[in-house]
Amino acid sequence: MNELEFTDLTDIAAYYRYRAVIDDPKTVLKRVRQYLTTLFLRVYYHRNFVMHAGKTSNVSLEAVSGLAPSLVAAGVNEMVSGLARGLTPHALADRASIELDLLGTDASRPVLSLLG
């Protein structure tokens with residue numbers, strides 16, 4: 001089934017997700033980037049629905065509000081870490097974009113160093 005002989009289905013699924021990242025990091029991380037972009041756009045749209053129209057009955061609000069907090073927290077954590085190193089949020093975003101563009105080239109860093 002898999003090289004490490006996992007038995008729990010969630011472990012097996014995680015193994016294959018990480019295996020995909022290691023095998024083709026540029027494609028997989030590009031897809032993840034698109035997922036995150038879509039999520040943050042949805043969060044912003046929902047914010048506008050609530051703030052400007054007072055609407056809280058949107059069908060996807062529950063799904064977005066379930067996913068967003070942990071991803072937003074991770075993003076804020078990275079920004080705070082970057083600020084401590086003297087980087088602005090824009091500089092961090094630019095750096096991440098460059099790192100993703102370099103994947104698959106001789107200049108790229110090891111993919112696992114980008115996931116930490």
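The values are calculated or read from the model by the stated rules, or taken from the named source; none is laboratory data. This one's a predicted model, so the numbers in the text were calculated from it and none came from an experiment. All Cβ positions, glycine included, derive from the backbone under ideal geometry; neighbour counts span all protein chains shown. Remember, those area values only see protein heavy atoms, side chains included, never the ligands or the DNA or RNA. Shrake-Rupley method; radii C 1.70, N 1.55, O 1.52, S 1.80 Å.
Summed over the range 7-32, residues that are under 18 Å from R109 (Cβ atoms) and among the charged types (D, E, K, R) total 4.
Look through the range 52-86, keep the residues that are at pLDDT 75 or above and outside any helix (DSSP H, G or I), and return whichever of them is least open to solvent (accessible area, probe 1.4 Å). This residue is G86. Restricting attention to the range 94-114 and to residues that are assigned to a helix (DSSP H, G or I) and open to solvent by 60 Å² or more (accessible area, probe 1.4 Å), the residue that is nearest to T27 (Cα to Cα) turns out to be D101. In the range 1-51, the residue that is nearest to D101 (Cα to Cα) out of those that are open to solvent by 100 Å² or more (accessible area, probe 1.4 Å), of a type in the set (A, V, I, L, M, F, W, C) and at pLDDT below 90 is L4.
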